[in-house]
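Step one of this worksheet: look at the structure below.
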Amino acid sequence: MSIAVPSRRAPARGPGLGHNLRQSLRRFADAAVTPLQLDDVLDVFHPLRRGAELRGRIVDVRPETVEATTLVVKPGRDWAGHVPGQYVRMGVDVEGVRLWRTYSLTHGPRADGCISVTVKAIPDGVVSNHLVHRARPGQMLQLAQAQGEFVLPQPIPQKLLLVTAGSGITPVIGMLRNLFSRATPYAGDIVLLHSAMTRDAVIFGPELRSYAARGLLRLVEMHTDTHGLLDVAELDAVVPDLDERTAYACGPAGLLDALQDHYDELGLVLTTERFRPAAPVVAGEGGTVTFADGTVVEGDGATPILDAAENAGVLMPSGCRMGICMSCVLPMKEGAVRDLRNGALTVAVPGETGPSGVPIQTCINAAAGPCHLDH
């Protein structure tokens, strides 16, 4: 005969002593640094901590050519990684203005956990010239998570054609470094056709030539100063087995358009990555705020966007209204806003900010020209 024995249930417990102690210490620390928050202080001493706004610290600056530089960046602990060929959005503070640009990640696996981008200075390019000529180790950058569909399929095709020009080599070098650094290196057939103004202007030139010398790929270099521009009509002669190769191309719009037309005529598939020039955004005092549904609100340079929108009848997310709780954050797709606490500008450039826009706090930012919010 079995006898039922009453089970003993442990009494419900509230927060442990350790939790209560941490909460007490947090309140004490917040009070000690008032009017700042503890997170404001931690941002100075431990900006790459988990849970903080995603940032990166430049740890190395390596010239590649006269006008191109590789930045090695230690990302915050919340960096989620990437697939070779993808890009990262970076927020760079230039003379008090935060400007966002996208750059291809130029590496495969790294034991040190760092990421790298290679930037080519362009005429009148505010951010590119700043990073190429003035970036130094120790400087901080804002980061977004990696994005992009310009990646190799799995499994990796056995025959690849990679066509690049100028800085269009940057996403492709990440692919190659990944393929050739594996425990079992990629043993397929790669043709890399690359065009640059001169031999010395070829970004990663020595590395690409070493790959070719080791038999890892077939490199076809074209230099505009001696060979002229790449004639797409000659592609079939350069690569006779064109129809057997999975093809990727990255470079100037004119080249990509011509390649796409050629592939369409042949009934073949071409995967492209386009680098779009950044349109300038001129910041001022006040401006219009356009929302996703077409609503337009006038804002002066002293009124938070949150208040201006609510005064115009727009239902806005909000919380503390002091720039602390982050409940009011909305993505800005285009335009400029000014932080009313310190005057710092945040600029979103079409084609450079990425599809999700730049997150801004509407309770502490005012319009600094026409801007578009996704709400």
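Structure summary
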{"read-out": "Residues satisfying the stated conditions in segment 73-99, i.e. farther than 14 Å from G148 by Cβ and assigned to a loop (DSSP other than H, G, I, E, B)", "value": "G76, R77, D78, W79, E95, G96"}
{"read-out": "Residue within segment 258-279 that is in contact (Cβ under 8 Å) with a residue 40 or more places away in the chain, crowded, with 18+ Cβ neighbours inside 10 Å and farther than 30 Å from D374 by Cα present", "value": "yes"}
{"read-out": "Looking only at segment 174-223, and only at residues there that are hydroxyl-bearing (S, T, Y) and under 28 Å from the mean Cα position of the chain (by Cα), the one that is surrounded by the most Cβ atoms within 10 Å (Cβ to Cβ)", "value": "S195"}
{"read-out": "Residue ID - nearest to the chain's Cα centre (by Cα), chosen from residues in segment 136-148 that are of a type in the set (A, V, I, L, M, F, W, C) and within 15 Å of G96 (Cα to Cα)", "value": "L141"}
{"read-out": "Residue that is surrounded by the fewest Cβ atoms within 10 Å (Cβ to Cβ) [pool: residues in segment 285-317 that are small (G, A, S) and within 17 Å of H372 (Cβ to Cβ)]", "value": "G294"}
{"read-out": "Selection within segment 171-193 - in contact with a strand residue (DSSP E or B) (Cβ under 9 Å, 6 or more places away or on another chain), among the hydrophobic types (A, V, I, L, M, F, W, C) and outside any strand (DSSP E or B)", "value": "V172, I173, M175, L176, L179"}
{"read-out": "Filter result for V97 (of a type in the set (V, I, T) and crowded, with 18+ Cβ neighbours inside 10 Å)", "value": "yes"}
{"read-out": "Pick from segment 346-364, criterion under 15 Å from F291 (Cβ atoms) and outside any loop (DSSP other than H, G, I, E, B), ranking: modelled with the lowest pLDDT", "value": "A348"}
{"read-out": "Search result, residues across segment 239-254 that are surrounded by fewer than 17 Cβ atoms within 10 Å (Cβ to Cβ) and either aliphatic (A, V, I, L, M) or touching a Cys at 6+ places or on another chain (Cβ under 9 Å) (or both)", "value": "A253"}
{"read-out": "Sole residue being out of contact with any Ser or Thr (no Cβ under 8 Å at 6 or more places or on another chain), modelled with pLDDT under 90 and either buried (at least 16 other Cβ atoms within 10 Å of the Cβ) or not in a strand (DSSP E or B) (or both), chosen from C325, C320", "value": "C325"}
{"read-out": "Residue, surrounded by the fewest Cβ atoms within 10 Å (Cβ to Cβ), within segment 111-126, restricted to residues that are of a type in the set (V, I, T) and in contact with a Leu (Cβ under 9 Å, 6 or more places away or on another chain)", "value": "V126"}
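The values are calculated or read from the model by the stated rules, or taken from the named source; none is laboratory data. Computed from a prediction, not measured in an experiment: that's the story for all the values here. Neighbour counts run over all protein chains shown; Cβ positions are idealised from the backbone, glycine included.
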